[in-house]
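K.L.:
Structure incoming, see below.
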Amino acid sequence: MAEFLRQCGSWGVLATLAAYALGMWVNRKTGRAIFNPLLLGSIFVIVFLRCFGVPYADYSASAAPVNWLLAPATVSLAIPLYEKWELLRKNLAAILAGTLAGTLTSLGSIVAMAWLMKMERAHAVTLLPKSVTTAIGMDIAETLGGKAALASAVIILTGIAGSLLAETVCKVCHITDPLAKGLALGTSAHAVGTSKALQMGEVEGAISGLAIAVAGIMTAVLAPAAANFLP
């Protein structure tokens, strides 16, 4: 099977799309956030490679065109900033302060965990961009010497965890302001958290979408500095 796939140059792209489509189907059928199509798609690809004994290097090379789309996806994050510019302008101080606090907390928690658990540097820098969107996080991790594929998995899990815990945390901490809810979800749980924010309200969703882009920019700037404090 592995030899047959090597002769099909685009099999990796087709496998990726099929796995994601299957993940979307399961997500819609169950209606549960934990069955995220990105997470399920990754699991389906792993199972496929294991069952047919296909090396990950072969899959990565064949699925390279999918990775090429990450660059334009990153640039497209400027669109919500432009569309919601008036909302951003009116709440600029709160959005910047809240996003900065969330970004520093995210980076600081990884630095602290790396020291406490004596993590290898490659693993620690892979975890640094865990709270930003995959398009940005994978590039940050790779640039710092981490593993992009592992960063993608960690980012997806972070988003799912944030989405599942959002309402509970807001209730326990008595967070009722829509702006605060949106900032928290967008900054800590990127796109998956934003989908939850949209369910909570229109303002929450809009602010969360803005927070994704702002947090991504801040993490890209601050992550190299945070990496200097790793063991």
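K.L.:
If Leu38 meets every condition in (1) over 25 Å from Ser10 (Cβ atoms); (2) in contact (Cβ under 8 Å) with a residue 40 or more places away in the chain; (3) part of a helix (DSSP H, G or I); (4) among the hydrophobic types (A, V, I, L, M, F, W, C) apart from one, which number is that one?
P.N.:
(1)
K.L.:
Counting just the residues of segment 127-149 that are more than 18 Å from Ala189 (Cβ to Cβ) and part of a helix (DSSP H, G or I), which one comes out modelled with the lowest pLDDT?
P.N.:
Applying the filter and picking the extreme gives Ala149.
K.L.:
Which count do you get for residues in segment 16-44 that are farther than 18 Å from Leu165 by Cα and of a type in the set (Lys, Arg)?
P.N.:
Qualifying residue count for the region: 2.
K.L.:
Also, quick follow-up: In segment 201-231, how many residues are more than 20 Å from Ala73 (Cα to Cα) and at pLDDT below 90?
P.N.:
Of the residues in segment 201-231, 5 are more than 20 Å from Ala73 (Cα to Cα) and at pLDDT below 90.
K.L.:
Return the pair list, or none, for Cβ contacts closer than 9 Å from residues in segment 191-217 that are closer than 15 Å to Thr99 by Cβ to residues that are of a type in the set (Lys, Arg) and in a helix (DSSP H, G or I), at least 6 apart or on different chains.
P.N.:
From residues that are closer than 15 Å to Thr99 by Cβ, the pairs are Ala197/Lys181; Glu204/Lys181; Glu204/Lys196; Ile207/Lys181; Ser208/Lys181; Ser208/Lys196.
K.L.:
Then there's this: Select from segment 150-192 the residues that are at pLDDT below 90, within 9 Å of the chain's Cα centre (by Cα), of a type in the set (A, V, I, L, M, F, W, C) and open to solvent by less than 50 Å² (accessible area, probe 1.4 Å) and list them in ascending order.
P.N.:
Scanning segment 150-192 gives Ala153, Ile156, Val192.
K.L.:
Could you tell me which numbered condition Ala33 fails, if it satisfies all but one of (1) open to solvent by less than 70 Å² (accessible area, probe 1.4 Å); (2) free of Cβ contacts under 8 Å to residues at least 60 places away in the same chain?
P.N.:
Unmet condition: (2).
K.L.:
While we're looking at this one, here's another question. Is there a residue being β-branched (Val, Ile, Thr) and in contact (Cβ under 8 Å) with a residue 60 or more places away in the chain anywhere in segment 170-178?
P.N.:
no
K.L.:
Can you pull out every residue in segment 61-78 that is open to solvent by 40 Å² or more (accessible area, probe 1.4 Å), modelled with pLDDT of 75 or more and assigned to a helix (DSSP H, G or I)?
P.N.:
Scanning segment 61-78 gives Ala61, Pro65, Val66, Asn67, Trp68, Pro72.
K.L.:
State yes or no: is Gly108 modelled with pLDDT of 90 or more, within 29 Å of Asn67 (Cβ to Cβ) and either open to solvent by less than 70 Å² (accessible area, probe 1.4 Å) or in a helix (DSSP H, G or I) (or both)? Please lay out each step first, then the result.
P.N.:
On the way: modelled with pLDDT of 90 or more: yes; within 29 Å of Asn67 (Cβ to Cβ): no; either open to solvent by less than 70 Å² (accessible area, probe 1.4 Å) or in a helix (DSSP H, G or I) (or both): yes.
Against the criterion (modelled with pLDDT of 90 or more, within 29 Å of Asn67 (Cβ to Cβ) and either open to solvent by less than 70 Å² (accessible area, probe 1.4 Å) or in a helix (DSSP H, G or I) (or both)), Gly108 does not qualify.
K.L.:
Only one of (1) surrounded by 22 or more Cβ atoms within 10 Å (Cβ to Cβ); (2) modelled with pLDDT under 85 is not met by Leu198, so which one is it?
P.N.:
With respect to (1) surrounded by 22 or more Cβ atoms within 10 Å (Cβ to Cβ); (2) modelled with pLDDT under 85, Leu198 is out only on (1).
K.L.:
Just to check your reading of the model, which residue among Thr133, Thr219 is open to solvent by 20 Å² or more (accessible area, probe 1.4 Å) and among the hydroxyl-bearing types (Ser, Thr, Tyr)?
P.N.:
Numbers: Thr219 fails: open to solvent by 20 Å² or more (accessible area, probe 1.4 Å).
When all the criteria are applied, what remains is Thr133.
K.L.:
With the requirement that a residue be of a type in the set (S, T, N, Q) and either assigned to a helix (DSSP H, G or I) or under 23 Å from Gly193 (Cα atoms) (or both), what does segment 10-35 give you?
P.N.:
Within segment 10-35, Thr16, Asn27, Thr30 meet the criteria.
K.L.:
May I pose another question? Quick check on Leu210: is it buried (at least 17 other Cβ atoms within 10 Å of the Cβ) and closer than 18 Å to Val154 by Cβ?
P.N.:
Taking the combined requirement at face value, the residue does not satisfy it.
The values are calculated or read from the model by the stated rules, or taken from the named source; none is laboratory data. Not measured: the values here are computed from a predicted model. Note that each Cβ is placed from the backbone with ideal geometry, even for glycine, and that neighbours are counted across all protein chains shown. With ligands, DNA and RNA removed, areas are computed over all heavy atoms of the protein, side chains included. Shrake-Rupley method; radii C 1.70, N 1.55, O 1.52, S 1.80 Å.
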